[in-house]
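For reference, the structure discussed in these notes is given below.
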Amino acid sequence: MGLRKEVNNQHSPSVPDEWFRPINRAEQNAEKVSRPSLSYWQDAWHRLLKNRLAMTGLVFLFFLAIMAIFGPIWSPYSVTTIDLPNQNLAPSSSHWFGTDDLGRDVFTRTWYGARISLFVGLMAALIDFFVGIIYGGISGYKGGRVDNIMMRIVEILYGLPYLLIVILLLVVMGPSLTTIIVALSVTGWVGMARIVRGQVLQLKNYEFVLASQSFGAKTKRIIRKNLLPNTMGPIIVQMTLTVPSAIFAESFLSFLGLGIQAPYASWGVMANDGLSTILSGHWWRLFFPAFFISATMFAFNVLGDGLQDALDPKLRE
Amino acid sequence: MLRYILKRFTIMAVTLFIIVTLTFILMHSIPGSPFNQERGTNEAVQANLEEFYNLDEPLYVQYFIYLKAVATFDFGPSIKQPTATVNDLLGRGFPVSLELGLVSIIIAVISGILLGIIAALRHNEIIDYIAMTIAVLGISIPNFILATQLIQTFAVNLKILPAATWSSPMHMILPTIALATGPMAIIARLTRSTMLEVLTQDYIKMARAKGLSPAKIVFKHALRNALMPVVTILGTLLAGILTGTFVLEQIFAIPGMGKYFVESINTRDYPVIMGTTVFYSAFLIFMLFLVDIVYGLLDPRIKLHQKEVK
């Protein structure tokens, strides 16, 4: 300290005034924040907007949701009414997607199937979300013995061949939409619980959690206010990927005849009906449900990928 | 290592026990009995039948008889096909399902890894985009939908491949493609992302600086490390392939285990339901166990006996 003082004292008088120049504007403003600062979510949204594939998926899903809600209402035909004189009509101006072997309008049935698929997917994701977050949050935060026991249970559930259990449950409870959702949720939350637990395990050692604890915050509050908001990214990604697997499971089960029952339409049921048309050439009966199952799963998958890139700061390049 | 194996083994046993019990409970809550459809059986015959299959005993006794059957792996005769025992059906169906599953997983692993490597080496080039589009499509198209389209195209329209049954290598092509595409796509994506990560590592630069050929760098240095995540998801993929065989066996009329399982549920054939479920589950759980052990053996960085902190 003493040395620097000495140096300053020595040199300051010897610097002539003309050596001083006003700094230019650009330098003056260098420290100013020129753009509005973005929150984490705004930043992620901008990133997602730039991802063309993910946006295509999002737009398609938006369209699908609107058609699922209004399609069956707008259509002059009913989903279940049988109209034998008009069976197996090819797509035309009155039946845009044609009719099936009982004369039902495939266009109407397709959107009705969209309702079921989206409903099953969203419900499964929501149930996974709540159960997984509560279970994973508690397990990760409590740690030690509680965590050990809870994770052993998860490990056992993880090993169960879930589709076998789902099929057995469906047979016991009788095939219906509720049964499918319940059956899918019985084992579905396990993946979410694992992710939440892993995140919480990392986060709970940070100082802001310690600060909350020292202010006397209760466990429930810490998990809800400190830990979960910080793990939202991976949770949302996991949810976006849960939806297509639930949609797949529903159509798979309906295809096997264990899910949604006739006369109601699900894409799986329609594909199964359409299977017999491979030889008869009524291609529209298989094509439309097949196309929409695949397109919906595709949309959710690319959206999930896009969200993962947008929400995970570690992957940013 | 031994401690780890022992621990995994205990979990495996508990899981199996839970499945066995769960199957029993669920099966006996299925409405209806196996003799419902048999008209004209008088009460004496019915009682005799029930006695033969121990259905007249109280549930807990049936449960112990059942546990004994599982332990000795002897599920007795089928109810619907009295001439065949459950073991006969399993013996007939399992080799077919195994063949279908095994061929599919081998195709999936090999083509998935190759696709992933090519995409990673040509990162952000047109080949990469094509490969990854194929991969996302492969994940998105359900296997039963793919199967129907394959039959339509190759069997009905082009008439170059048989549409159904399981009697020659030609018959195997369509079902295995339908079954392998999904897992292949998952493996390709995983291989690509880990390859991209590995290729930026210092030891790859080092290998390049030494003047090794690109092929040697990829296969000897990069791939080995990039494959670890693929090994971890093999267990899950296997589960998917096993359940996939269910529906594909229906579509292609393949006489495998899936066919017996679905049939037995529809006819309430208790011994067959029990047999197939327990067998499937045991097989799957054992495979998951093997994958875990293999993973530990392959990667020396993982100390299996330590608690995993993720």
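Key figures for this structure:
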quantity	calculated
Mean Cα-pair separation over length for the stretch B:86-298, i.e. relative contact order, pairs under 8 Å, 6 or more apart, %	30
Among B:119-127, B:179-187, the order from most to least packed when residues are scored by Cβ within 10 Å on average	B:179-187, B:119-127
Label point distance in nm, B:R224-A:I73, each placed 7 Å from Cα along Cα→Cβ	6.3
Volume of the Cα convex hull of the stretch A:79-208, divided per residue and given in Å³	146
Coordinate range along principal axes, alpha carbons of the stretch B:86-298, Å, largest first	66, 44, 26
Range of Cα positions in the protein assembly as shown per principal axis (Å), largest first	122, 67, 60
Modelled FRET efficiency - R0 41 Å, A:R145 with A:A26, Cβ distances, 0.05 increments	0.10
Cα extents of chain A along the three principal axes, largest first (Å)	107, 55, 30
Cα-centre dipole for the stretch A:126-214 with unit charges at Cβ (Lys and Arg positive, Asp and Glu negative), debye to 20	160
Average beta-carbon neighbours from other chains, 10 Å sphere, peptide B:279-290	2
When each of B:K7/B:K68; B:K159/B:K259; A:K204/B:K7; A:K225/B:K7; A:K32/A:K204 is checked by Cα-Cα distance, pairs over 30 Å	A:K225/B:K7; A:K32/A:K204
Of the chymotrypsin sites (Phe, Trp or Tyr not before Pro) in the stretch A:11-92, those whose Cβ has at most 16 other Cβ within 10 Å and which sit in DSSP loop	A:F20
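Read-outs throughout are calculated quantities, based only on the coordinates presented, and are distinct from any laboratory measurement. None of the values given here were measured: they were computed from a predicted structure. Here Cβ is always computed from backbone atoms with ideal geometry, including for glycine, and neighbour counts include all displayed protein chains.
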